[in-house]
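Scroll down for the structure; my scribbles are underneath it.
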Amino acid sequence: MQRVYNFSAGPAALPPPVLERAKAEMLDYGSSGMSVMEMSHRSSVFLEIASRAEANLRSLLKIGEDYYVLFLQGGATAQFSAFPMNLVSPEDSIDYVSTGSWSQKAIAECSKYCHANVIASSIETGFDRIPEEDDWNMDSDSQFVHICSNETIGGVQFKEFPSLDKTLIADMSSELLSRQININDFGLIYAGAQKNIGPAGLTIVIVRKDLCSKARPETPAVFDYRAQAEAGSMLNTPPTYSWYLAGLVFEWLLGIGGVDAVEKVNNEKARSLYDAIQASDFYDSPVDPLYRSTMNVPFKLKDESLDDAFLKEAEHVGLTNLKGHRSVGGMRASIYNGVSPEAVYALLDFMKGFEAKYG
């Protein structure tokens, strides 16, 4: 079997060593005589899997004991509703920096539960940048500021995080574990797993404990942070196999040197791809160079009539899922932790050859 180079935005490529280990343990995990996906989440075997995964994630991100680490369901989209219900009352406000499609979705959902106050937006420039912090119209009545730290669709990323008098909330779905961050800069981080963490079905929530005392009475128990923390993220049956696979990813990361090591690899992958686009008259990046994502690289062919040929020929040589999101068109290469440098070099070789053929 020949595996392809998978540039999907999510569900995304997983590290081959993780898949190989999961394959080896599929039918019989730890001489238990069963697969992880078959065992009770209350069993001692799975409780050890869960505990080790949390401990390793805490180690990777240097998460202190003043934070809960939750392994939940519902995707990051569910958190658009969950965190307002946990953190504020209906008459309160949450400030939002709108930098793309996922910011907009978060704002729309939050507005059902409290006031969603947009303090800055790059919509007028097509979401091609992060608004300068000096231009943010801060609401003095709001305790929280929400950002999407990396916009998967538009490919813009906060290279530095704001230093504010307010509590920072971040949707980090498409970049958590791709670079080192200071957890203490945030009150809440949430991330769908299907980019750098594991398969779809799992959502990581990292939330400061002191923020978890204001959940509204009507908050569903499965989305109540304190209730889930007290239940070990097992208020109901959790996504056990996704949790297990995330744990394997954490072990793989620790084995290659942790987040610092993978960040260096990610920076080099992105630099190589952006340099090639920048040097070409055939390809173009729609994102301001100051804010180009290390994880999601959207690019366009100067002659859009060649888009279908590009995608078809790329697929033919094993370069898959390069079509840009339907809302923006063009191409997009998502180069998460599980995408090897070799995959990026293969894409660069193809792009060079395609340009020589059609340019």
Conditions (1) part of a loop (DSSP other than H, G, I, E, B); (2) more than 24 Å from Pro16 (Cβ to Cβ): number failed by Asp275: (1)
Number of the exception - Lys214 against (1) in the same structural domain as Tyr29 (by TED's automatic domain parsing); (2) modelled with pLDDT of 95 or more: (2)
Subset of the stretch 185-200 that is in contact with a strand residue (DSSP E or B) (Cβ under 9 Å, 6 or more places away or on another chain) and part of a loop (DSSP other than H, G, I, E, B) - its residue that is surrounded by the most Cβ atoms within 10 Å (Cβ to Cβ): Lys195
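Determine whether Met331 is surrounded by 17 or more Cβ atoms within 10 Å (Cβ to Cβ), closer than 25 Å to Thr99 by Cα and of a type in the set (A, V, I, L, M). Outline the logic, then answer.
On the way: surrounded by 17 or more Cβ atoms within 10 Å (Cβ to Cβ): yes; closer than 25 Å to Thr99 by Cα: yes; of a type in the set (A, V, I, L, M): yes.
Here the answer is yes, as Met331 does meet what is asked.
The rows are residues; the columns are (1) of a type outside the set (Asp, Glu); (2) closer than 30 Å to Met39 by Cβ.
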{"position": "Pro220", "(1), (2)": "yes, yes"}
{"position": "Met234", "(1), (2)": "yes, yes"}
{"position": "Gly257", "(1), (2)": "yes, no"}
{"position": "Asp260", "(1), (2)": "no, no"}
{"position": "Pro286", "(1), (2)": "yes, no"}
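How many residues does the stretch 308-340 contain that are part of a helix (DSSP H, G or I) and over 15 Å from Arg3 (Cα atoms)?
If we filter the stretch 308-340 for residues that are part of a helix (DSSP H, G or I), which is where we start, we get 308-316.
From what's left, over 15 Å from Arg3 (Cα atoms): 308-313.
Final tally of qualifying residues: 6.
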The one condition in (1) assigned to a loop (DSSP other than H, G, I, E, B); (2) over 15 Å from the mean Cα position of the chain (by Cα) that Val118 fails to fulfil: (1)
Residues of the stretch 221-247 that turn out to be in contact (Cβ under 8 Å) with a residue 60 or more places away in the chain, under 30 Å from Lys166 (Cα atoms) and not in a helix (DSSP H, G or I), as a count: 3
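When the residues of the stretch 48-73 are narrowed to those that are of a type in the set (D, E, K, R) and closer than 17 Å to Tyr241 by Cα, which ends up surrounded by the fewest Cβ atoms within 10 Å (Cβ to Cβ)?
Pass one, the stretch 48-73, residues of a type in the set (D, E, K, R): 48, 52, 54, 58, 62, 65-66.
Filter once more, keeping what is closer than 17 Å to Tyr241 by Cα: 48, 52, 54.
Working: Glu48: 11, Arg52: 14, Glu54: 22.
Per the criteria, the residue is Glu48.
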Candidates Glu65, Glu48, filtered to the one that is without any contact (Cβ under 8 Å) to a residue 12 or more places away in the chain and either touching a strand residue (DSSP E or B) at 6+ places or on another chain (Cβ under 6 Å) or over 22 Å from Pro199 (Cα atoms) (or both): Glu65
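The values are calculated or read from the model by the stated rules, or taken from the named source; none is laboratory data. All figures in this text were calculated on a predicted structure; none of them were measured in a lab. Ideal geometry is used to build each Cβ from the backbone, glycine not excepted, and the neighbour counts take in all protein chains shown.
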